[in-house]
1. Taking every alpha carbon pair in the stretch 365-416, what does the distance histogram look like in 10 angstrom bins from 0, in percent?
2. What ranking do Tyr30, Tyr43, Tyr368 get, fewest neighbouring Cβ atoms within 10 angstrom at the top?
3. Anything over 27 Å Cα to Cα? Flag those among Lys186/Lys226; Lys191/Lys362; Lys48/Lys411; Lys226/Lys411; Lys35/Lys321, in the order listed.
4. Sort 139-146, 124-131, 396-403 by the packing proxy (mean of other Cβ within 10 Å over each peptide's residues), most packed first.
5. Report the gain in length on full extension from Asn323 to Leu95: 0.36 nm times residue separation, minus Cα-Cα distance, nm rounded to one decimal.
6. With the crude spin-label approximation of a point 7 Å out along Cα→Cβ, what separation in nm comes out for Lys388 versus Asn204?
7. Multiply the residue separation of Gln313 and Gln139 by 0.36 nm, subtract the distance between their alpha-carbon atoms, and state the gained length in nm to one decimal.
8. Using a cut-off of under 17 Å, list every residue of the stretch 362-400 whose amide N is near the label point 7 Å from the Cα of Glu356 along the Cα-to-beta-carbon line.
Amino acid sequence: MIKSFLITVMYLLIAAASVPAQTLQIDSCYALAIKNYPLIKQYELIEKTKEYTLSNAGKANLPQVSVTAIEGYIFGQLPTFGAPEASSKFKFIGLGQVNQTIWDGGAVKTQKKIIEAESETEKANVDVSLNDLKSRVNQLYFGILLIDEQLKQLEVQDTILINHVDRIKQLNDNGLAYKTDLDEIKVERLKLNQQRVEFNYTRNGYAMMLSLLIGTRINEQTILQKPLAGTLLTDLQIIRPELSLYNSQRNLVNAKAEMQHVNLMPKVGLLGAAVLIAPGINFGSTKLSTLGVAGVSASWNISALYKNTNEKQLTQLSLNKINVQEETFLFNTRLQMTQASANIEKQQVVLSEDEEIADLRKTIRKDYQLKYDTGVSPLFDFLNATEKESEARAQKALHEMQLLMTLYDYKTISGN
C-alpha cells in the first residue's frame, strides 16, 4: 500500500510539473478586468429596466377605464321630475367612464425615444467607469514586469560573483588573495539576496492586486508577456467612451425636446360614459336609473404654448453645456497625449544610449576582474565595477519598462 501511495504521489508530481505555466497578455488582462468588475452587472440591469419601462409606455394606448361609486349624504334637495318622495338623505350614485386614445400627438412614441436615450446614457456612463480599469491594469502589469527584469539583473550579478569565487579560492591557495576576499564576495551575495527578497514581496503584492482585479490567480509561475513597443503608434485618434456619453446626452436632450412639441398637440380619442342612479332620489322613478353617453373626445391644453419659447431656450442651453463639456474633455485629453508623446520621445533617446553604457560597464568590469586576477588592483575595484554594471543593466530595464508603460498610457488616454 505504501508503495502504491508513493507511486501515485510521484505520478501526480510529474503531472503537475508537466502543466505549462499560465501566460497572460495585457489585452487579455483588460478583458478579464472588465468581465470581473462588479459594475459590469449594471448593463443587464439597465437593459431590463428599459424593457419594462418601454412595456409600460406602450400600454398608454390601451383603453383607460375609471369607475366611481358614491354613497353619501345629500345636502339640500335634488331637482325632481315627479311627485316628491320621502326618502333617506343617504343616496348611491355610480359613475363609469372609458377612454380610448386615437391620437396622442406622438406622446407614446416620444416617450419610448426618451427611454431609449436614457438607457444609452446610463450604459455610456458604465463604459466610462470601466475604461478607467485599463490605467489600473497598466500600473500593476508593468510594475510586475519591471520587478521581473530587476530580478533577472540580480541573477546576472550573482552569477558573476559565483563564478569569481572559484578564481579567488585558487588565488588564495597560491597565496595571491586574502581570505577576507571570499568574505567580501559573500557579503555582496547576501546583499543581493536581500534585494531579491524585497523585490519578491513587492511582486507578490502587485500579483495579488492584479489577481483580484482580473479574477484570475497570478503566482510565481505565471508569465506576463512583455508587449512589443514597435507595434504601438503615437498618432492615435481619440475614441474614448466619454465621446459616446456626450452623444447619448445630446440624444436624450433632443428626445425630451420632442415631448415639448407633443404637449402642444391636441389629443383625440373615443369616450364612453355611464351614470347609475339608485332609486328614490326623486327623479320620478322608483327603479334603478342608468344613463350612457358615447362619442369622440378632443382635448387641447394650451398652457404649453406659454412656456414653449423658454423651453426651446432651455433645450439649447443644455446642448451648449454638453458641447462645452466635450470641448473641455478633448482639450484636456489632447494635452495629456501631447505630454505623453513628449515623454515617449525623451525615453526613446535615453534608452538608445543605455545599451552602450551597459556594454562599457561590462568591459570595465572584465578589465578590473583581470587586474584583480593578476594582483594589480584590489577586490574592491572589481566589486565596485560589478555593481555599476548591474546598475547600468537595471537602468536599461527600467527605461525599457517606462517607455512601454508610457506608450500604453498614451494608448489608454486616447481610448484605443
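What follows is calculated from the coordinates using simple rules that are stated; it is not laboratory data. Please read all numbers here as calculations on a predicted model, not as lab measurements. Quick reminder, even Gly has a Cβ in these numbers, built from the backbone with ideal geometry, and neighbours come from all protein chains shown.
1. 25, 26, 18, 15, 12, 5, 0
2. Details: Tyr30 19, Tyr43 14, Tyr368 22.
Going from sparsest to densest Cβ surroundings: Tyr43, Tyr30, Tyr368.
3. Numbers: Lys186/Lys226 33 Å; Lys191/Lys362 20 Å; Lys48/Lys411 33 Å; Lys226/Lys411 16 Å; Lys35/Lys321 33 Å.
Among Lys186/Lys226; Lys191/Lys362; Lys48/Lys411; Lys226/Lys411; Lys35/Lys321, the Cα-Cα distance tops 27 Å for Lys186/Lys226; Lys48/Lys411; Lys35/Lys321.
4. Working: 139-146: 21.8, 124-131: 17.0, 396-403: 18.6.
Final packing ranking: 139-146, 396-403, 124-131.
5. Working: separation 228, 0.36 × 228 = 82.08 nm, distance 5.31 nm.
Full extension from Asn323 to Leu95 adds 76.8 nm.
6. Modelled inter-label distance: 3.6 nm.
7. Details: separation 174, 0.36 × 174 = 62.64 nm, distance 4.58 nm.
So the extension gain works out to 58.1 nm.
8. Output list for this probe position: 362-364, 392-393, 396.
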